[in-house]
Each structure stands twice: as C-alpha cells, then as structure tokens.
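Read through the structure below, which is laid out as structure tokens, and then see the notes.
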Amino acid sequence: MTAIIRRRIFFLFLICLAVCGALNGQSQKGTLSGHVSDASQAVVQNARVVVNPGNLTTTSDSLGDFVVAGLAPGSYTVTVTSVGFKPLTQTITVAAGQTVPLNAVLQVASGAEQVVVSAGSGQNMLQAINEEITSPNIVSVMPETEILALPNANVADAIGRMPGVTVQRDEGEAVYVQVRGLDPRLTNTTIDGVTIPSPESNVRQVILATIPADMVQSIELNKTLSANQDADGVGGSVNMVTKMAG
C-alpha cells in the first residue's frame, strides 16, 4: 500500500508540474517590434501604428522604429498610417514570450491624395504634420524649409510666426518669445530636449536674438506640457532641433 500511495503522489506531482508549466506559458506576453519606411527605404517618422484587438496605439520614432509590448498570445491586425501614404494593414500571430518583427513599407497614396513636391520640401512638411497629429499634447512644428522660406533674422523671428506666439522686440529685433500672451519668463527653452539656462543674470528667459534662423533643423512649440517634460514652462516650451547630416 505504501508503494501504491507513493506512485500516486508522484503522478499527482508530475500533473501539477505540467499544469503549472502550461499556465506559465499562457501568462507570458509577447512583443511586436517593427520598422516603418517608404518604397525607397527612407525612414517614415511619426507614423501611427494601431494594433487590434485592444486598440493599442503607438508612433514610429526618428529612426522609423516602434515597439508594442504586453501582447497576449494570439492573432492581431496591425494598421500603419502616415500622411501622404496608403494605409498598410497586416495580420500577425504573437506567441508567448516571443518578439514578432514587422517591416512596414508604405506606398505613396494615389489619385487625389497624391502630394506633388519639389526641391525636397514636401517630406519635411509631412513629418511636421505627422508630429502635430500624433503628439499627445498641443504642438506646433516649423520645419527648416518653412523657416528659410521667410525673411527671419533669428530664431525668435521664426517662432513669432507660429500661431499663438508674440515676441518682445528691442529696437525692432525680436528678442524674447511670449506664448499665448504670458510673460516671456514663463516660457521654457530647450535644445534637442535639454533645458538651457539664461545667459543673463537678472532675467529667467533666454534671449533668442543671438541664434540665427538657419542654424536649426526645426522648431517645436509645446503649448501644453506632457508628463515627460520639465514643469518649468508654465506658458509653454520651445524646443530647437539641431541639424542632422544629410
């Protein structure tokens, strides 16, 4: 009787191990890792990626990459959209504990949706529009082509042409930026997301008259702050993106 009881206990132990292993495999989540580009293999930034079921949404970064984590094992439909391109829909299967790669190649929209550009200015405008659409807060973006198309003496002049912005002038030259009519000292100034201090000891705001307009790749004006930004820009935050190699 003792040997039979031991066998039964041993078999029950094996069954418990098998059940626990199966449950553990089902509880593990999968990950979707993808890259968005166009037909010429150029990176598509700020493309909107939606995963269903679940309506999980993310956007591609400056390198065209995106990641959606925490997916339960099963089949999903991934839809990638970007201004000026045809929507791309693909079906993927996610396994427990595995990463599913997805290379999304977008095609230019045809017919009335086709965008005709010249001198390469259209791509910068599309990226700026994508960033404004997909941003979680209120953002205005001015690309380099728009900055250079207007007679801007400095960065403050360029920012003053954006909606909701006025500038303080000294002898006719734009010096400080005011967002939505608030005092210039309430506007935070950053370069590539890094806050810069004021070069003047008696004021908090940064003088922008010394920065030429053709020194930046784009200007991002955050009229409302998000959780990942410093809270010292009550009025808003001006981010100047430096130029990248062509």
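The values are calculated or read from the model by the stated rules, or taken from the named source; none is laboratory data. Computed from a predicted model, the values in this text were never measured in an experiment. Methodologically, a virtual Cβ is constructed for each residue, glycine included, from the backbone with ideal geometry; neighbour enumeration extends over all protein chains shown.
Could you please find all residues in the stretch 174-213 being among the hydroxyl-bearing types (Ser, Thr, Tyr), surrounded by 13 or more Cβ atoms within 10 Å (Cβ to Cβ) and more than 20 Å from ILE147 (Cα to Cα)? It would help to see each step written out before you state the result.
Applying the first criterion (among the hydroxyl-bearing types (Ser, Thr, Tyr)) to the stretch 174-213 yields 176, 187, 189-190, 195, 198, 201, 210.
Now narrow it down to the ones that are surrounded by 13 or more Cβ atoms within 10 Å (Cβ to Cβ): 176, 187, 189-190, 195, 198.
Hits for the stretch 174-213 are THR187, THR195, SER198.
Could you check, for the stretch 115-138, whether at least one of its residues is modelled with pLDDT of 85 or more, over 28 Å from GLY74 (Cα atoms) and not hydrophobic (A, V, I, L, M, F, W, C)? No, every residue in the stretch 115-138 fails to be modelled with pLDDT of 85 or more, over 28 Å from GLY74 (Cα atoms) and not hydrophobic (A, V, I, L, M, F, W, C).
Sort out which residues of the stretch 175-194 are out of contact with any Lys or Arg (no Cβ under 9 Å at 6 or more places or on another chain), among the aliphatic types (A, V, I, L, M) and either outside any strand (DSSP E or B) or at pLDDT 85 or above (or both), and write them in order of number. Of everything in the stretch 175-194, those that are out of contact with any Lys or Arg (no Cβ under 9 Å at 6 or more places or on another chain), among the aliphatic types (A, V, I, L, M) and either outside any strand (DSSP E or B) or at pLDDT 85 or above (or both) turn out to be VAL177, LEU182, ILE191.
Of all the residues in the stretch 144-178, those that are over 27 Å from the mean Cα position of the chain (by Cα), touching a residue at least 24 places away in the same chain (Cβ under 8 Å) and farther than 19 Å from THR190 by Cβ number 4.
Looking at the stretch 134-141, is at least one residue in a loop (DSSP other than H, G, I, E, B) and touching a Lys or Arg at 6+ places or on another chain (Cβ under 7 Å)? Don't jump to the end; show me each part of the working.
Initially, the stretch 134-141 is screened for residues in a loop (DSSP other than H, G, I, E, B), giving 135-138.
From the residues that got through so far, the ones that are touching a Lys or Arg at 6+ places or on another chain (Cβ under 7 Å) too are 138.
Taking every residue of the stretch 134-141 in turn, at least one turns out to be in a loop (DSSP other than H, G, I, E, B) and touching a Lys or Arg at 6+ places or on another chain (Cβ under 7 Å).
Looking at GLY97, GLY70, which is the one that is in a loop (DSSP other than H, G, I, E, B), modelled with pLDDT under 90 and farther than 25 Å from ILE219 by Cα?
Numbers: GLY70 fails: in a loop (DSSP other than H, G, I, E, B).
Among GLY97, GLY70, only GLY97 is in a loop (DSSP other than H, G, I, E, B), modelled with pLDDT under 90 and farther than 25 Å from ILE219 by Cα.
Among the listed residues ARG204, ARG185, ARG169, which satisfies the condition of being out of contact with any strand residue (DSSP E or B) (no Cβ under 9 Å at 6 or more places or on another chain) and among the basic types (Lys, Arg)?
Numbers: ARG185 fails: out of contact with any strand residue (DSSP E or B) (no Cβ under 9 Å at 6 or more places or on another chain); ARG169 fails: out of contact with any strand residue (DSSP E or B) (no Cβ under 9 Å at 6 or more places or on another chain).
So the residue among ARG204, ARG185, ARG169 that is out of contact with any strand residue (DSSP E or B) (no Cβ under 9 Å at 6 or more places or on another chain) and among the basic types (Lys, Arg) is ARG204.
Taken over the stretch 38-67, residues that are surrounded by fewer than 17 Cβ atoms within 10 Å (Cβ to Cβ) and either part of a strand (DSSP E or B) or among the acidic types (Asp, Glu) (or both) amount to 7.
Here's the yes/no breakdown for (1) out of contact with any Ser or Thr (no Cβ under 7 Å at 6 or more places or on another chain); (2) touching a residue at least 24 places away in the same chain (Cβ under 8 Å); (3) in a loop (DSSP other than H, G, I, E, B):
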position: PRO199; (1), (2), (3): yes, no, yes
position: GLN205; (1), (2), (3): no, yes, yes
position: SER218; (1), (2), (3): yes, yes, no
position: LEU225; (1), (2), (3): no, yes, yes
position: ASN228; (1), (2), (3): yes, no, yes
position: VAL234; (1), (2), (3): yes, yes, yes
position: VAL241; (1), (2), (3): no, yes, no
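In the condition set (1) touching a strand residue (DSSP E or B) at 6+ places or on another chain (Cβ under 9 Å); (2) among the polar types (S, T, N, Q); (3) surrounded by 13 or more Cβ atoms within 10 Å (Cβ to Cβ), THR145 is compliant with all but (1).
Please tell me if ILE147 is closer than 17 Å to ALA128 by Cβ and either touching a helix residue (DSSP H, G or I) at 6+ places or on another chain (Cβ under 7 Å) or assigned to a loop (DSSP other than H, G, I, E, B) (or both). Break it down into steps so the answer makes sense when it comes.
Values: closer than 17 Å to ALA128 by Cβ: yes; either touching a helix residue (DSSP H, G or I) at 6+ places or on another chain (Cβ under 7 Å) or assigned to a loop (DSSP other than H, G, I, E, B) (or both): yes.
The answer is yes for ILE147.
The set of residues from the stretch 73-89 being outside any loop (DSSP other than H, G, I, E, B) and aliphatic (A, V, I, L, M) comprises VAL78, VAL80, LEU88.
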